[in-house]
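The values are calculated or read from the model by the stated rules, or taken from the named source; none is laboratory data. These numbers were taken from a predicted model, which means no experiment stands behind them. We place every Cβ from the backbone using ideal geometry, glycine too, and count neighbours over all the protein chains shown. Remember, those area values only see protein heavy atoms, side chains included, never the ligands or the DNA or RNA. Shrake-Rupley method; radii C 1.70, N 1.55, O 1.52, S 1.80 Å.
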Amino acid sequence: MNTSRTRGPVRVSLLTLVASTWLPATVVHAGGCWSKPVAAAVTDPFREPECRWCPGNRGLEYATTAGTVVRAVAAGTVTFAGMVAGTTYVVVRHADGPRATDGNLEHRTVDVADTVVRGALVGRTAGRFHFGVRDGDTYIDPAPFIGTLRWRTRLIPTDGSPAPPPPPPELVCLR
């Protein structure tokens, strides 16, 4: 048996594995992802409730402080801007159908029927920030619209030496 024939594909496979581990993941923009509404980390992800009145998280909660700038995630028309149960909300209907809700605002800069462009100032937070998306009356996970955090694979030494810090996760668009 000629070992040189089997080593070629093995080397290519190993090289591909190593390169895919070290190189950044490809960010896909199929269908166009929305911008993040705020510059902050998500502290509580979407958790679909078991029933209409059951507990869950019908959006994403962000770790923001009062006064954090909130921007429109995409172009659309404001369909609601006001208070519900003492909390200020802005709802924007986007051209592709879904409605995005920005919640827990201390100040809003838009009114009903206003047209917003991607990145336009919508308001400022009153503390933590809530971002939700509805398709009709159904709450859906907002993460695929703005991207999902994906952790990259890393190699860890087997000789006992300390492992390098993991690379930061990347926001990958799933739309």
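Data overview
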| item | result |
| --- | --- |
| Residue list for segment 90-143, filter: open to solvent by 60 Å² or more (accessible area, probe 1.4 Å) and in a strand (DSSP E or B) | ARG93, GLU106, HIS107, ARG108, THR115, LEU121, ARG124, ARG128, ASP135, THR138, TYR139 |
| Residues (farther than 23 Å from ASP96 by Cα, assigned to a loop (DSSP other than H, G, I, E, B) and within 14 Å of the chain's Cα centre (by Cα)) located in segment 46-78 | ALA63 |
| Residues (modelled with pLDDT under 95 and of a type in the set (Gly, Ala, Ser)) located in segment 87-102 | ALA95, GLY97 |
| Qualifying residue in segment 157-175 (condition: open to solvent by 80 Å² or more (accessible area, probe 1.4 Å), in contact with a strand residue (DSSP E or B) (Cβ under 8 Å, 6 or more places away or on another chain) and free of Cβ contacts under 8 Å to residues at least 60 places away in the same chain) | no |
